[in-house]
Amino acid sequence: MNKGLYLHFPFCEKKCNYCNFYSLANLTLKERYVEGVIREIKKLSPLNFDTVYFGGGTPSLLDGVELKSVLDAVFTHHKVAENAEITVEANPLTLSREKKLQELKRAGFNRLSLGVQSFCDRELEALGREHTAENAINTVKVAKAVGFDNISVDLMFAIPHQSVKSFEDTLDTAIALDVSHISVYALSIEEKTVFGVKQKRGENLFLPSEDKEAEMYFLACNKLESAGYEHYEISNFAKASKHSRHNMKYWRGEEYVGIGASAHSYFNDMRYSCPSDIKAFCQEAKVEDCYTNTLQDRAEEKVFLSLRLKEGLDLDSLEANYPVKRGVHFDSEVMELVHSGFCLYDGKTLSLTDKGFFVSNTIILKILDSLQFTP
């Protein structure tokens, strides 16, 4: 079976106020790091890939030659499907020039994932983003002009100074740009971020209330679905045939290989990661936190990941392939969730509604508790 390949580039021009991912605002080791990624691509036993994802950080900080050299190494040492989805994440400012976008297109990239976050300049400034709304809009337009027909934009809600109206304006702008995929994430305040430190000090972050956060989420669901975007995963909306094929591998429990500092892998039924250390990776790529999934682990992951998707969980298939069955009170407990508007259930397939998605962790834990796992 074809696998996914994730390549992590943990470099940024600056650290955003909300970011908790491993990245450094220092490009000193960029060239050595690229050499390390290519080294690891070559060391990997030949595999078949149908998705390749350059994530970060900001991989688009690499120049066109560097990005092409990495992708060429993948094609040279592994078999990449003819119709493979090849994505690069980008900050709009790093792709503002037509030449850079043309270089990416010629190199073989066919999907862009743009970290837009908002089309309101005041909100972008609060987040610590360096691009403006105009920068983001122009980048999408230029990318389409050079031939990219699969463009995703990331948007955030419940961010400082945001109102329901300003979020609606951001959604309207994304829809008007006619991009193929839109991801919508709620801001999460993490302890070691700028926002986390400020919150700990008692500073006012000017965040919307919980009720406004919920209103924003349901607004996104309704507006995007009305505009022809399928709500196929908790935070993701896509036009027909434009789902993120790489991310679907994560959500369907399929295998993928991660290369780079802090990259994670699920390969040969084992989960493992690389240390979050750029200098160490440049010298030698090691792995840590290796863990082989038990059957129960795999069953629980199947439940959790399937319920993130609109298609839901096939319970007959779950019981046929894993040591799990519906508990004595499963139907009654699930029907209570159905009557409360959190789930849909036809006796075979269980899925979450938009209301269920908004509180998915709580609902999924209730469902896991109603299943019976056997040795």
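Taken together, the values in this text are just the output of simple stated rules run on the coordinates, not laboratory data. Keep in mind that what you see is a predicted model, and the values were worked out from it rather than measured. Reconstructed Cβ throughout: ideal geometry from the backbone, glycine too, with neighbour counts over all protein chains shown.
Key figures
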| quantity | calculated |
| --- | --- |
| Rounded Å value of the spacing that divides the Cα centres of the stretch 34-103 and the stretch 186-210 | 34 Å |
| Antiparallel bridges, percent of DSSP beta bridges restricted to the chain (to nearest 5) | 40 percent |
| Taking the stretch 296-372 and dividing mean pair separation by its residue count, relative contact order in percent (alpha carbons under 8 Å, at least six apart) | 37 percent |
| Gyration tensor verdict on the stretch 1-45 (Cα atoms; rounded if a/c is under 1.5, prolate if a/b is larger than b/c, oblate otherwise) | oblate |
| Against the rule of thumb 2.2 N^0.38 Å, how large the Cα Rg of the stretch 51-134 comes out | 1.20 |
| Cysteines (scope the chain) whose Cβ has no counterpart Cys Cβ under 4.7 Å | CYS12, CYS120, CYS221, CYS274, CYS282, CYS290, CYS343 |
| Length-normalised contact order of the stretch 82-214 in % [C-alpha pairs under 8 Å, at least 6 apart] | 24 percent |
| Mean projection area, nm², convex hull over Cα of the stretch 213-339 | 11.3 nm² |
| Hydrodynamic radius by Kirkwood, which averages 1/r over all alpha carbon pairs of the stretch 164-278, in angstrom | 17.1 Å |
| Cα-based Rg and Dmax for the stretch 107-217, where Dmax is the largest Cα-Cα distance (Å) | 15.1, 48 |
| Alpha carbon convex hull of the chain, projected area averaged over orientations, nm² | 19.1 nm² |
| Over the chain, relative contact order from alpha-carbon pairs under 8 Å, at least 6 apart, % | 15 percent |
| Extension gain from ALA227 to LEU47, taking 0.36 nm per residue of separation minus the Cα-Cα distance | 60.9 nm |
| Local electrostatic count, ASN2, Cβ distance below 15 Å [Lys/Arg +1, Asp/Glu -1] | 0 |
| Net charge of neighbours whose Cβ lies under 15 Å from the Cβ of SER332, counting Lys and Arg as +1 and Asp and Glu as -1 | -2 |
| Cβ crowding within 10 Å averaged over residues, with 329-335, 37-43 ranked highest first | 37-43, 329-335 |
| Amide H partners (placed H, <5 Å) of LEU5, local residues excluded | THR51, VAL52, TYR53, VAL257 |
| Gyration tensor (alpha-carbon) shape descriptor, the stretch 275-375, a/c threshold 1.5 | prolate |
| Rounded, prolate or oblate (a/c below 1.5 giving rounded, otherwise prolate when a/b exceeds b/c) for the stretch 1-119 by Cα gyration tensor | prolate |
| Above-threshold pairs, the threshold being 26 Å between Cα atoms, out of LYS14/LYS279; LYS42/LYS144; LYS68/LYS302; LYS42/LYS239; LYS144/LYS355 | LYS42/LYS144; LYS68/LYS302; LYS42/LYS239; LYS144/LYS355 |
| Extended-chain gain in nm, criterion 0.36 nm per residue less alpha-carbon gap, GLU31 and LYS200 | 57.1 nm |
| 5 angstrom amide H check on VAL324, placed H, neighbours 5+ away | THR374 |
| The chain, helix-only ellipticity at 222 nm - DSSP H runs n ≥ 4, -39,500 (n - 2.57), divided by all residues, nearest 500 | -12000 deg cm²/dmol |
